[in-house]
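Here the structure is laid out as structure tokens; the discussion comes afterwards.
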Amino acid sequence: MYEITTANPAAVAQAQDITGGLFRDFVSFIDRSENTTRAYLINLRQFMAWLRFNGIARPLREDILSYRDWLQTEHEAIQLTPAGNWEYRRDNCGNIVHLTCKPNTVSQYLRSVCQFFNWTAASGLYPNISANIHAPKLRHDTHKKDALTAKDVLTVEQDIAAKAEQRTADAANKEKDTAGRIQRSTEQGKRLYAMYLLAVNCGLRTIELSRANVKDIETKGGKSCLYVWGKGHAEADAKKALTPEIKAAIDDYLNSRTDKYTGASPLFVATGNRSGGKRIAPTTISTMLKTALKEAGYNSERITPHSLRHTTGTNVQEITGNLYATQNYMRHSNPATTEIYIHDEKGKQDEDIAQMLYNHYHGKAQDNRAQLESMIEGMTPGQIEQLAAIAKAMRGA
């Protein structure tokens, strides 16, 4: 635990200037993963740009508060140049970008700044001017992305399959390099189909799809699984069951691949002339899945590749009604993370109750009964048992 110290102007006046070198020393000290290190650097570079923008070399506590307020209100976007100065961030037309950071972004920026000054104080380099400065409160009872319904999942799946067949057929009609075009189009279609199933059925993140290797698939006793290299882990150590249909889709893709892969090869690879056989980056996978969602008619800022993982959790909770089972399936270390799917259920119940209440006010009692029957039909056996127990207790009261 870092030592928490208070800072006053006199202590700051005797300290050294805040420089990029101090930030680099801090990032080297924390010894985190590559992704975490990159996030700290991005966050601290934004803070340094703000210091440069305001001509501050030795910030005070009031400056950290001002930085927080600046992030939360609409402002002209600035960034740090390679030379260590600041400049405005501009769009493709050369106009200065204006933005307001979301609460989660503000929290991330401030967390990095606070950790930095914790370290400088513990190292005797600079007073901790960020002690007891808090980021805006974040709501954890709502999800930032929408989930797909079972019908939506099937719609996207069928659209991916149909478009894959169409692109293969289109490739066959090309006059030049017909065989190569067909082969490449077939591989691309089967690759996207397999990735989609792993994302929406197994809840894999795009980075987990990217990290997967061929050898991570294992079949014993007729049962198949994929060992997943999850977030915050150093290797593929999370076992995820594969249904026969998903295993067949993966095998179908592997059989269509044009490269000579081995067990150590990436599970999903690029097909381009220059990048063929190389591991696909998470950002590329994200773009591919987002395009597939758009082409299937799901074009919304709240429907993203991560919505597929959210879809997995939402539907697992709906099917099982068991928070512990959902937590295990989603590989959440903290059950509080899984509780978001309970709130999704409550949101649906609120919609039903609101309609029933309106019907009650307007003398539509029969509609209420139909609504109630519809709700019961959508319940799991466990949920129906709970409802019966509640009804019994109410009669006893």
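The values are calculated or read from the model by the stated rules, or taken from the named source; none is laboratory data. Source: prediction; values computed, not measured. A quick note on method: Cβ atoms are made from the backbone with ideal geometry, for glycine too, and the neighbour counts reach across all protein chains shown. Note: accessible area is taken over every heavy atom of the protein model, side chains too, but ligands, DNA and RNA are not part of it. Shrake-Rupley method; radii C 1.70, N 1.55, O 1.52, S 1.80 Å.
Of note:
- Q115 being open to solvent by 60 Å² or more (accessible area, probe 1.4 Å) and in contact (Cβ under 8 Å) with a residue 40 or more places away in the chain: no
- Every listed requirement among (1) open to solvent by 40 Å² or more (accessible area, probe 1.4 Å); (2) over 25 Å from the mean Cα position of the chain (by Cα) is met by S256 save one, (1).
- Within region 160-172, at least one residue is open to solvent by less than 40 Å² (accessible area, probe 1.4 Å) and in contact (Cβ under 8 Å) with a residue 40 or more places away in the chain.
- F47 being more than 19 Å from K137 (Cβ to Cβ), touching a helix residue (DSSP H, G or I) at 6+ places or on another chain (Cβ under 6 Å), of a type outside the set (D, E, K, R) and modelled with pLDDT under 95: no
- Residues that are in a loop (DSSP other than H, G, I, E, B), modelled with pLDDT under 85 and either out of contact with any strand residue (DSSP E or B) (no Cβ under 9 Å at 6 or more places or on another chain) or open to solvent by less than 60 Å² (accessible area, probe 1.4 Å) (or both) are absent from region 294-317 altogether.
- Pairing each residue of region 189-211 that is under 12 Å from S286 (Cβ atoms) with any residue that is polar (S, T, N, Q), provided the two are 6+ apart or on different chains, yields C-beta distances under 7 Å for T206/S286.
- Against the list (1) under 19 Å from T304 (Cβ atoms); (2) outside any helix (DSSP H, G or I), the condition E157 fails is (2).
- Among residues of region 219-250, those that are surrounded by 14 or more Cβ atoms within 10 Å (Cβ to Cβ) and either over 27 Å from the mean Cα position of the chain (by Cα) or among the small types (G, A, S) (or both), counted: 6
- Region 96-140 - residue that is polar (S, T, N, Q) and assigned to a loop (DSSP other than H, G, I, E, B) and, of those, farthest from I340 (Cα to Cα): S123
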